[in-house]
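The values are calculated or read from the model by the stated rules, or taken from the named source; none is laboratory data. Everything numeric here is computed off the predicted structure, so don't read it as measured data. Neighbour counts are summed over all protein chains in view; Cβ atoms, including those assigned to glycine, are modelled from backbone coordinates with ideal geometry. Calculation scope for accessible area: heavy atoms of the full protein, side chains included, ligands and nucleic acids excluded. Shrake-Rupley method; radii C 1.70, N 1.55, O 1.52, S 1.80 Å.
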Amino acid sequence: MQLQSYIGGAWHSGRGALVAMRDATTGEIVAEASSAGIDFAAALRHARQLGGPALRALTFHERAALLKALAKRLTECKEEFYALSYRTGATRSDSWIDIDGGIGTLFAFAGKGGRELPNARLYLDGAVEGLSKAGTFAGQHIYVSREGAAVHINAFNFPVWGMLEKLAPALLAGMPAIVKPATATAYLTELVVHRIVESGILPAGALQLVCGGLGDLFEHLNCQDFVSFTGSADTAARLRAHPNVIRHSVPFIAETDSLNSSILAPDAAPGTAEFDLFVKEVAREMTVKAGQKCTAIRKVLVPAAAAGDVIAALRAALGKVIVGDPRAEGVGMGPLASLQQRVEVRARIAELRGEADLVVGNPDAFEVRGADRQRGAFVPPVLLLCREPQTARALHATEAFGPVATVAAYRDVEDAIALARRGAGSLVASVFSADDDLAGRFVRGLAPYHGRILVVNRHCAHESTGHGSPLAALVHGGPGRAGGGEELGGVRGVLRYMQRTAVQGSPDTLTVAGGRWVRGGRLRDPGRHPFRIPFNDLELGDTLKSAERAVTVEDIERFAALTGDTFYAHLSETEAARNPLFGGRVAHGYFLISAAAGLFVDPAYGPVLGNYGLNELRFVKPVKPGDRIKVRLTCAEKNLRADKGWGEVAWDAQITNQRDETVASYQVLTMVSIHAVPDAHAT
Ligand code: NDP
């Protein structure tokens, strides 16, 4: 089978010398690939001129809907992916992480896009920044889609997840992608891309695939493009120093090899639940994907007194793992992805053995089920014990990208933290402890050197997602050696693909530019109560100015009696007088917002369906008996939920007193039907 690249809307078979990909278990050739003959400048143009505009024409919600449709379609094809995935050396459960994990990431971003991003093409970052005394000049940060292509260079270990975890945030951000999978397992990525293309779900130009090298693509990158890389630190260093990347300041994020630690805290002695959880997690991390995970545990840091027990327990756990053909019954760990990787891993084990002793497993003598040990890329689980971790070098620098970990004994908490930090920047560290004070010390000590920290105790273990699992909602990446990049992290991951721009101008200009009404901007009189206006007819700035009402002692006392909130500042004149903030009795803040609702609501049946919360509520000035309050309510933000028949409307509310001083300020969040008189069945 010759792999094809999908470029410029057509499938291409490469010319010239082909690179062979082999079944990790049998060594048979699975596929061959070459990207020779691809016009990479044209591929970038295709993405920029076709894919980008098509994606940018859609709102975040519409792009999220594409991701969801894609996730559903790929779910239907899953078994086909699983069948081919065996050839990469993955067991069924390894493939679950790659295939279901990848599809799950698409679903997660679809959900985030629909819920946490607006139904718009532009994202507002934070509040308006007041820049002037009179309020006629202000600033607002906006995020807009970059107008280039996202170039995704992926590692061999996750041919499906690796593509989808980068693709989801890029597409949501409105950026088309050119995906380059690692050649060793590109046949599985290619199959998935075939199914994506056949589905017709993505607009033309949104996704291109390169099987083989990237040719001269880097020569054609410009400042609107974006590179996201996963793989070795050496390749990352080479690519990020490409003259064109430097000249055009092309954003480049990397996720590279990393020496991740798992720490058994001093309180987690043998016999505790945390000790058992630790052993289970280390054994699992060593063997899942045959240890070929960028997040896998490489340094097993344990109190010196517990080292013997930890090794004995790991020996027992790893002894149960059957190595062999991932298709064979009972096999818990398959081969590495390629014979090349076996050579690499064996060489790294040899390096580590310079300062550590083999305590479990022997790369030269082990059983393999259902396969030829020499033909497949097999390595058994290998555990080493470092002789002097404090002075060791390889322990902190050599990553054997396979089922290999090294136990290192630490002296005290500070020493454990120092040993973990010697990785010079890692993707993840985990701590097993039932002592939250101790866990807090570890977190504070580890955080500057780690992208993610997992703390496991008996209370969260049964729901913990584990040391090695990057999650769509949390950032994935790490400082220093881990590449210095960040992927995922929910909306953070999407915004990374966008350009943040500070816009300055008058409130009216900012309202139009950003799509959110800005205080100080024009107040429109819509000629009727804004609660009578269906969603699509409401305009930003549509305002209601309420009548005034007095606040009396009776109001305060009745509110206290009704709610049970009898705080002294509301009910006792003498005690309230001693309060330095109030100097006398004041109305409840909650009474004010309730009274304001009484002033602004239009009670009749109509397009406003409900109120789902308040944002940014601040009680700015106390209201005393005898004060008179009124409220201004302005349509500030609209967000259509197209599939639901209504939209969210945020109303800017400002309660003022008889001196026109603001006493409370907030946003009222409502759901407003697109129909003047909503029909129960339509919404
Ligand atoms: P590489 O860095 O060699 O490859 C990673 C990706 O970069 C592949 O897609 C590769 O393509 C591509 N690539 C390599 N050279 C270039 C280039 N000049 N221009 C453009 N793209 C390029 O890493 P490997 O996959 O070989 O893995 C090596 C080591 O990296 C592992 O042993 C492990 O230590 C570490 N690693 C770390 C991972 C992580 O997630 N942090 C994941 C996987 C590996 P091609 O395959 O065609 O060469």
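For the range 552-582, a tally of residues being surrounded by 13 or more Cβ atoms within 10 Å (Cβ to Cβ) and among the charged types (D, E, K, R) returns 4.
When Glu575 is tested against (1) out of contact with any Phe, Trp or Tyr (no Cβ under 6 Å at 6 or more places or on another chain); (2) free of Cβ contacts under 8 Å to residues at least 40 places away in the same chain, only condition (1) is not met.
Considering Gly113, Gly104, the condition of being within 30 Å of Val30 (Cα to Cα) and not hydrophobic (A, V, I, L, M, F, W, C) is satisfied by Gly104 alone. Can you confirm whether the range 309-322 contains a residue that is within 16 Å of the ligand (Cβ to nearest atom) and either modelled with pLDDT of 95 or more or over 22 Å from Arg458 (Cα atoms) (or both)? No - not one qualifying residue is present in the range 309-322. Evaluated against (1) open to solvent by 60 Å² or more (accessible area, probe 1.4 Å); (2) under 19 Å from Lys299 (Cβ atoms), Arg346 falls short on exactly one condition, (2). Going residue by residue through the range 284-291, is there one that turns out to be surrounded by fewer than 19 Cβ atoms within 10 Å (Cβ to Cβ), within 16 Å of the ligand (Cβ to nearest atom) and either over 26 Å from Ala83 (Cβ atoms) or among the basic types (Lys, Arg) (or both)? So far as the range 284-291 goes, no, none of its residues is surrounded by fewer than 19 Cβ atoms within 10 Å (Cβ to Cβ), within 16 Å of the ligand (Cβ to nearest atom) and either over 26 Å from Ala83 (Cβ atoms) or among the basic types (Lys, Arg) (or both). Contact map, the range 490-509: first residue over 23 Å from Lys112 (Cα atoms), second residue in a strand (DSSP E or B), Cβ cut-off under 7 Å, separation 6 or more or different chains; pairs are Ala502/Gly139; Ala502/His141; Val503/Gly139; Val503/Gln140; Val503/Ile142; Gln504/Gly139; Pro507/Ala138. What is the number of the single condition among (1) at pLDDT below 95; (2) farther than 18 Å from Lys289 by Cα that Thr26 does not meet? All conditions are met except number (2).
Select from the range 323-343 the residues that are within 14 Å of the ligand (Cβ to nearest atom) and part of a loop (DSSP other than H, G, I, E, B) and write down the one among them that is surrounded by the fewest Cβ atoms within 10 Å (Cβ to Cβ).
First, pick out the residues of the range 323-343 that are within 14 Å of the ligand (Cβ to nearest atom): 336-343.
Add one more test, that the residue is part of a loop (DSSP other than H, G, I, E, B), and what stays is 336-338.
On the way: Leu336: 29, Ala337: 28, Ser338: 22.
Ranking the qualifying residues of the range 323-343, first place goes to Ser338.
When the range 619-638 is filtered for residues that are assigned to a strand (DSSP E or B) and open to solvent by less than 20 Å² (accessible area, probe 1.4 Å), the ones remaining, listed by number, are Ile629, Val631, Leu633, Thr634, Cys635, Ala636. Considering the conditions (1) open to solvent by 50 Å² or more (accessible area, probe 1.4 Å); (2) farther than 30 Å from Arg115 by Cβ; (3) of a type in the set (D, E, K, R), Arg585 is excluded by exactly one of them, (1). I need a count of the residues in the range 217-239 that are open to solvent by 70 Å² or more (accessible area, probe 1.4 Å) and within 11 Å of the ligand (Cβ to nearest atom). Qualifying residue count for the region: 2. Screening the range 1-108 for helices (runs of 4 or more DSSP H) wholly inside it with 3 or more residues that are closer than 23 Å to Leu171 by Cβ and in contact with a Lys or Arg (Cβ under 9 Å, 6 or more places away or on another chain) returns the ranges 52-56, 60-76. Residue pairs whose Cβ atoms lie under 7 Å apart, separated by 6 or more positions or on different chains, with the first residue in the range 447-467 and under 20 Å from Lys299 (Cα atoms) and the second surrounded by 21 or more Cβ atoms within 10 Å (Cβ to Cβ) and aromatic (Phe, Trp, Tyr), are Val456/Phe432. Looking only at residues in the range 249-270 that are more than 20 Å from Ala416 (Cβ to Cβ) and away from the ligand (no atom under 16 Å from the Cβ), the one that is nearest to the chain's Cα centre (by Cα) is Pro251. Checking Gly370 against (1) under 21 Å from Glu285 (Cα atoms); (2) touching a strand residue (DSSP E or B) at 6+ places or on another chain (Cβ under 6 Å); (3) surrounded by fewer than 17 Cβ atoms within 10 Å (Cβ to Cβ), which test does it fail? Gly370 satisfies every listed condition except (1).
Which residue, of Leu633, Leu614, Leu571, is farther than 30 Å from Asn119 by Cα and touching a helix residue (DSSP H, G or I) at 6+ places or on another chain (Cβ under 8 Å)?
On the way: Leu633 fails: farther than 30 Å from Asn119 by Cα; Leu614 fails: farther than 30 Å from Asn119 by Cα.
Every option except Leu571 fails the conditions.
Here Thr256 qualifies as polar (S, T, N, Q), surrounded by 16 or more Cβ atoms within 10 Å (Cβ to Cβ) and modelled with pLDDT under 95. If you go through the range 124-142 and keep only what is open to solvent by 20 Å² or more (accessible area, probe 1.4 Å) and out of contact with any Ser or Thr (no Cβ under 8 Å at 6 or more places or on another chain), you end up with Leu124, Asp125, Gly126, Ala127, Val128, Glu129, Gly130, Leu131, Ser132, Lys133, Ala134, Gly135. Screening Asp537 against (1) without any contact (Cβ under 8 Å) to a residue 24 or more places away in the chain; (2) over 26 Å from Met671 (Cβ atoms) leaves a single unmet condition, (2). Look through the range 503-520, keep the residues that are touching a Gly at 6+ places or on another chain (Cβ under 6 Å) and outside any helix (DSSP H, G or I), and return whichever of them is surrounded by the fewest Cβ atoms within 10 Å (Cβ to Cβ). Filtering the range 503-520 for residues that are touching a Gly at 6+ places or on another chain (Cβ under 6 Å) and outside any helix (DSSP H, G or I), the one surrounded by the fewest Cβ atoms within 10 Å (Cβ to Cβ) comes out as Gln504.
With over 29 Å from the mean Cα position of the chain (by Cα) and crowded, with 20+ Cβ neighbours inside 10 Å as the only criterion, which of Ile38, Ile99 stands out?
Values: Ile99 fails: over 29 Å from the mean Cα position of the chain (by Cα).
Only one candidate qualifies: Ile38.
Considering the range 5-35, the residues that are of a type in the set (A, V, I, L, M, F, W, C) and under 24 Å from Ala150 (Cβ atoms) include one that is most open to solvent (accessible area, probe 1.4 Å), namely Trp11.
Scanning the range 145-189 for residues that are open to solvent by 10 Å² or more (accessible area, probe 1.4 Å), charged (D, E, K, R) and more than 9 Å from the ligand (Cβ to nearest atom) yields a total of 2. Of the residues making up the range 190-209, not a single one is within 11 Å of the ligand (Cβ to nearest atom) and in contact with a helix residue (DSSP H, G or I) (Cβ under 6 Å, 6 or more places away or on another chain). Just one of the listed residues (Asp602, Asp565) is part of a loop (DSSP other than H, G, I, E, B), over 30 Å from Asn536 (Cβ atoms) and not β-branched (Val, Ile, Thr), namely Asp565.
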